[in-house]
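Structure record follows, encoded as structure tokens.
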Amino acid sequence: MVLRCPYAVRHPAQRGLWLAVATAALAMTLTTSIGSVVPEAALGLAGNLTGMVSAGAVLGFVITIMGGRRLHTWACGTVAATALALTVLGVTSRAHLSYGTIAEIPPTATAYRLLLIGTHLAVNAACIAVCWRYGRGPSRSPLALGLRLFGIGTVLAELYWLRLFAGLFTTSDALLRY
């Protein structure tokens, strides 16, 4: 990521993709083995925020490829506002540390989890729609093929977040933790 940064910054078409990959890598790093160095509360919130920024960057990249400048600005603003709200909820309530069903966790933790999961579901659904619209058809171009593959990956991410959403309403331990 560090080696590609100078190239990505100089080329506008690469910025969104680089940001998406960099924030996804950071989010995965934050959810792995650095818990002994950073407090768990900060780690959970930082991991969720970078994951959300990554999802927004992916959507922004796909929208940019398709030339939707106005929609790109709206999507970035919405993700930024949601990240701010998530930060406020996370800092004031440590909601990101709460596990359980909606009936078992405090209202601020419920709001935090619904906002996080709902944002990912909405961003992924929008990304799937863009990939479906511009990637379907008989075209054999690399862009169409790339959008199809990207759409398939986004469908898998959507299934992951749907599983977490279902976990809010069940007592099954397997669905509660993420």
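The values are calculated or read from the model by the stated rules, or taken from the named source; none is laboratory data. Owing to the predicted nature of the structure, the values given are computational and were not obtained by experimental measurement. Every residue, glycine among them, receives a Cβ derived from its backbone with ideal geometry; neighbour counts consider all protein chains shown. Accessible surface is based on the protein model in full, side chains and every heavy atom, while ligands, DNA and RNA are left aside. Shrake-Rupley method; radii C 1.70, N 1.55, O 1.52, S 1.80 Å.
Results, tabulated for the structure shown:
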read-out: Distance in nm between pseudo-label sites at L162 and T78 (7 Å out along the Cβ direction from Cα); value: 1.9 nm
read-out: In nm, spacing of pseudo-spin labels at I152 and W132 (7 Å Cα→C-beta vector); value: 1.7 nm
read-out: Solvent accessible area, Å² - H72, 1.4 Å probe, full protein context; value: 40 Å²
read-out: Net lengthening on full extension, R69/H11 (0.36 nm per residue, minus Cα-Cα); value: 19.2 nm
